[in-house]
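Below is one structure, written out as structure tokens, with a few remarks after it.
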Amino acid sequence: MVDERLQSLVERYEVRDLLSGHVLLVDDDEPNLEVLAAVLEPDYAVHQADSGPAALEVVASTPLDVIVADQRMPGMTGVELLEAVSRDHPDVAGIVLTGYTDSDAIIAAINRAGAFRFLTKPWNPDEIRMAVADAAAYVYQRRAIERLVALVARRNDELAKALEDLRLAQDRMLHLERLGTMGRLTAGVTHDLRNFLIGLALIEEEFATRTEVTDDLRETVAVGLAGIRNLLATLETMNQFARGGPMTMDLQSLSPARLIHDALVVMRGDLEFRKREVVQRVADGLPDIEGDRPRLIQVLVNLLRNAVQATAPGQRIAVEASRDAEGHVVFAVEDEGPGIPPGIRDHLFDPFVSTKGEGGMGMGLYMAKLIVEGHGGVIRCLNAINAGTRFEFSIRASCQRN
Ligand SMILES: Nc1ncnc2c1ncn2[C@@H]1O[C@H](COP(=O)(O)OP(=O)(O)O)[C@@H](O)[C@H]1O
Ligand SMILES: [Mg+2]
């Protein structure tokens, strides 16, 4: 009776307990009930009820497969009973026993009650056995399909989730792969840069003893040196997290004003930066902070570079230091540019997020965040008051001055 393909699916997916084997017989005529029960008892767990309401009580407490109900009962007809059952238990099949004269009324009610079969009286035992067996097979099939559909839906969700997890893992792998490559590249560049630095540092020392050297030249060399030192710090940071280790900080007590000054010296090596109007606002009486000097300069320089890239000559860039309610020092870099592109707002501090095409690595804000958080601080991006962008990060004040 049951479709072979369905049966094999049921077995393959180990869908169990589809049938309870319980059948309910409903008739207000006691002898009729006894005869019916005698026919079905060898094959089923048989329950009996002598009215519609009594039958509903059995339905509520027993997991049934099939109900066989007489149509003509006082109070509630067989069709009415099945209609009531189908509301909460649509997977229980109903068989209605009826006289020929009821046929029209019954046919009209078929749709409402969803009865599986109508048997006319007098019925014979084979007919009843067959009807109940067919009804049970129908119930089996219906429940099997429902359970398999639910299973597929669940597996689908599981599959979708597993695929999403895999995709994320793959993304991470790609990131790590790129970071690893970058780490290897930076090692070579770092080596060359150190040699430059040594050469320039010697020149600077030499200049210190010579009176004929102009201040301009001295300044140029100082700016160049600051730039190279900053680059080295950047490369070191890249190297460190390419190797995957925790970022080591070399903490000392630093003056916020001095830090901003040093970052601006590095920036002076950038011709575009010199075309911006730079405003410095350092609050009075700021405490020193506990920080890694080259790394914090690197953060300020990254933010300032982004501000330069977001603005046109003549536009203003502000760099600030103030104190927040908790006593931390808050550094801010604000520009008058177009603001952060909406599409990347939520991923701003992720690695490789850049809208600058070839010109951008998307590492600046990522590294800034790593460094600030390595100091136990917080970095965030705000909308500047006049369009534009404002980045803020907070750093703890050092103990002795706090
Ligand atoms: N001040 C700013 N104004 C507008 N957009 C900015 C600003 N700073 C950062 N962004 C956006 O954030 C992206 C990521 O910045 P960053 O991590 O420094 O990488 P990169 O500068 O290499 O693109 C930039 O490509 C840019 O779209
Ligand atoms: Mg940048």
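Computed from the coordinates by the stated procedures, all read-outs in this text should not be read as laboratory data. Just so it is clear, the model here is predicted, and its values are computed rather than measured. Positions of Cβ are generated from backbone atoms using ideal geometry, with glycine treated the same way; all protein chains shown enter the neighbour counts.
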Residues of segment 285-324 with backbone N under 19 Å of the label point set 7 Å from the Cα of M249 along Cα→Cβ are 287-303, 321-324
By how many nm would the segment from Q315 to A283 lengthen if fully extended, with 0.36 nm per residue of separation less the alpha-carbon distance? 9.2 nm
Given a cut-off of 35 Å, what percent of all Cα-Cα pairs of the chain lie beyond it? 55
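What FRET efficiency do you get for A133 and E158 if R0 is 35 Å and r is their Cβ-Cβ distance, rounded to the nearest 0.05?
It comes to 0.45.
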Which value, in debye to the nearest 20, gives the size of the charge dipole of the chain about its Cα centre, when Lys and Arg are +1 and Asp and Glu are -1 at the Cβ? 2520
Using θ = phi - 60° and the Karplus relation 6.51 cos²θ - 1.76 cosθ + 1.60, list the HN-Hα couplings for segment 253-258 in order, rounded to whole Hz, with x at every Gly or Pro. 7, 10, 8, x, 5, 5
The helix 293-310 Cα axis meets the longest alpha-carbon principal axis of the chain at an angle in degrees, between 0 and 90 and rounded to 10, of 80
Per the charge dipole of the chain (beta-carbon charges, Lys/Arg positive, Asp/Glu negative, Cα centre), the residue among C399, A135, V79 reaching farthest to the positive end is C399
Would you calculate the volume per residue, in Å³, of the smallest convex hull containing every Cα atom of segment 246-401? 117
Give me the percent relative contact order of the chain, please, defined on Cα pairs under 8 angstrom at least 6 residues apart. 10
Could you point to the residue in V39, S20, Q7 farthest towards the positive end of segment 4-155's charge dipole, with +1 and -1 charges on the Cβ of Lys/Arg and Asp/Glu respectively? Q7
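For the pair E41 and I145, what calculated FRET efficiency results from E = 1/(1 + (r/R0)^6), where r is the Cβ-Cβ distance and R0 = 51 Å, to the nearest 0.05? Mind dumping the intermediate values first?
Numbers: r = 29 Å, r/R0 = 0.58.
With R0 = 51 Å, the Cβ-Cβ based efficiency is 0.95.
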Charge sum, other residues only, whose C-beta stays under 10 Å from F391's C-beta, Lys/Arg counted +1 and Asp/Glu -1: -1
Can you give me the long-range amide H partners of H47? Hydrogens built in the peptide plane at 1.01 Å from N, cutoff under 5 Å, separation of 5 or more residues or another chain. V23, L24, L25
Label-point separation, K356 to I198 (7 Å along Cα→Cβ), nm: 3.1
Longest the chain segment clear of trypsin sites (Lys or Arg not before Pro) sitting in DSSP loops (not H, G, I, E or B) with at most 14 other Cβ atoms within 10 Å runs 17-209
Using only helices, what value at 222 nm comes out for the chain when you add -39,500 (n - 2.57) per DSSP H run of length 4 or more and divide by the total residues, to the nearest 500 deg cm²/dmol? -18000 deg cm²/dmol
Which cross-chain or sequence-distant (5 or more) residues have an amide H under 5 Å from the amide H of V278, H modelled 1.01 Å from N in plane? I317
Magnitude of the Cβ-charge dipole of segment 246-401, K/R +1 and D/E -1, about the Cα centre, nearest 20 debye? 260
For K356, list the lysines whose Cα falls under 23 Å from its own Cα; do not include residues on the same chain fewer than 8 positions away. K275, K369
Find the percent of Cα-Cα distances in segment 4-155 that exceed 23 Å, and round it to a whole number. 35
Among A233, G199, L217, which residue has its Cα positioned farthest towards the positive end of the charge dipole of segment 181-241, with +1 placed on the Cβ of Lys and Arg, -1 on the Cβ of Asp and Glu, and the dipole taken about the Cα centre? A233
List the aspartates and glutamates whose Cα lies under 14 Å from the Cα of K121, skipping any in the same chain that are fewer than 8 positions away. D27, D29, D70, D102
